[in-house]
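The values are calculated or read from the model by the stated rules, or taken from the named source; none is laboratory data. All of these numbers come straight from a predicted model, not from anything done at the bench. All Cβ positions, even for glycine, are placed from backbone atoms using ideal geometry, and neighbour counts span all protein chains on display. The accessibility values were calculated without ligands, DNA or RNA, using every heavy atom of the protein model including side chains. Shrake-Rupley method; radii C 1.70, N 1.55, O 1.52, S 1.80 Å.
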Amino acid sequence: MIKNNTIDLDFDREHIWHPYTSMTKPIPVYPVTHANHNIIYLETGEQLIDGMASWWSAIHGYNHPVINNAMIEQINNMSHIMFGGITHNSAVELCKKIVNITPPSLTKVFLADSGSVSVEVAIKMALQYWLSQGITTKQKLMTPYKGYHGDTFAAMSVCDPVNSMHSLYSGFLPEHVFVPAPVSKFGSEFNQAEAQELEEYFKANHNQVAAFIIEPIVQNAGGMNFYHPDYLACVRKLCTQYNVLLICDEIATGFGRTGKLFAVEHANIEPDIMCIGKALTGGSMTLSA
Ligand SMILES: *Cc1c(COP(=O)(O)O)cnc(C)c1O
């Protein structure tokens with residue numbers, strides 16, 4: 001356990017801009033010395049139970065010996081090396097595991113450095129898929145309201161327009177097709193009217209739409225909206241029927257967060273592209289695929 005020197009909170013307040021707060025009037029920050037299992041230890045001597053696991057990433061708890069040892073072993077070998085034109089065993093073994101545990105039709109892995117960037121990559125893949133077949137009209141995305149897909153620009157453009165403050169960036173953000181957020185709850189009856197409404201959006205827009213992007217089963221940032229798997233199954237069916245790719249953003253839901261290894265399993269569907277991140281490293285470093 002490493003005990004830091006006293007944390008310079010004055011410097012922090014004056015010079016460090018933390019996420020999701022004002023630069024000029026920041027919210028107070030809690031000085032942390034270390035973390036273990038599910039406990040965060042503060043410099044003041046208090047202990048916090050981290051109920052959100054560092055935004056759903058530290059799924060095995062902090063300081064897990066298996067993860068720590070794997071990281072130390074890797075760093076002693078090499079901490080990082082560019083992946084263009086180079087490969088190594090750690091990457092190959094990780095990607096084998098990813099291919100094995102994700103739905104069978106997903107057989108190719110592209111690694112990236114954060115969840116948001118994996119969403120950017122997924123969007124580029126979807127656009128290229130149509131362009132490579134000479135189809136130039138499919139340049140938009142379709143997505144439900146209340147979604148969250150990250151804070152980079154393309155990812156932000158498919159987040160809920162109100163929550164992610166689209167109005168601040170209007171004119172800069174690409175405009176996509178938003179469909180009603182899922183209403184029928186997980187574990188209740190599915191209202192077929194939702195399926196009919198979705199089909200109207202597909203009918204009207206499919207010629208311009210490259211892909212539909214959705215968080216399977218639970219819209220996390222959008223108020224923890226646990227929705228009916230039939231909504232997802234319906235989206236899958238309509239995507240196939242109307243020639244639209246399906247991107248499932250499992251960055252929050254992946255690795256068992258909803259009771260299945262991946263949330264798409266609740267609806268027995270397979271996406272064309274899946275984004276994973278957060279728990280992929282147990283919160284020990286930033287990596288996505
Ligand atoms: C956290 C999250 C992202 C963004 O991942 P970052 O690693 O924070 O960039 C994207 N989509 C979902 C569903 C998320 O929960």
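Structure values in brief
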read-out	value
Cβ-Cβ under 7 Å pairs, at least 6 apart or on other chains, region 244-264 side among the basic types (Lys, Arg), far side open to solvent by 30 Å² or more (accessible area, probe 1.4 Å) and more than 15 Å from the ligand (Cβ to nearest atom)	LYS260/HIS266
Verdict on MET274 being within 16 Å of GLU120 (Cβ to Cβ) and open to solvent by 20 Å² or more (accessible area, probe 1.4 Å)	yes
One residue from ILE251, ILE269 being part of a loop (DSSP other than H, G, I, E, B) and out of contact with any Leu (no Cβ under 7 Å at 6 or more places or on another chain)	ILE251
Check on THR136, of a type outside the set (Asp, Glu) and either closer than 26 Å to GLY282 by Cα or under 15 Å from the mean Cα position of the chain (by Cα) (or both)	no
Residue, nearest to the ligand (Cβ to nearest atom), within region 126-146, restricted to residues that are out of contact with any Phe, Trp or Tyr (no Cβ under 9 Å at 6 or more places or on another chain) and in contact (Cβ under 8 Å) with a residue 12 or more places away in the chain	LYS146
Test: residue in region 213-227 that is open to solvent by 30 Å² or more (accessible area, probe 1.4 Å), assigned to a loop (DSSP other than H, G, I, E, B) and in contact (Cβ under 8 Å) with a residue 12 or more places away in the chain	yes
Lone unmet requirement of (1) part of a loop (DSSP other than H, G, I, E, B); (2) more than 16 Å from the ligand (Cβ to nearest atom) for ALA210	(1)
Single condition PRO104 does not satisfy, out of (1) out of contact with any strand residue (DSSP E or B) (no Cβ under 8 Å at 6 or more places or on another chain); (2) within 30 Å of GLN74 (Cα to Cα); (3) within 16 Å of the ligand (Cβ to nearest atom); (4) modelled with pLDDT of 95 or more	(3)
Condition broken by ASN76, with the remaining ones in (1) without any contact (Cβ under 8 Å) to a residue 60 or more places away in the chain; (2) open to solvent by 50 Å² or more (accessible area, probe 1.4 Å); (3) outside any helix (DSSP H, G or I) satisfied	(3)
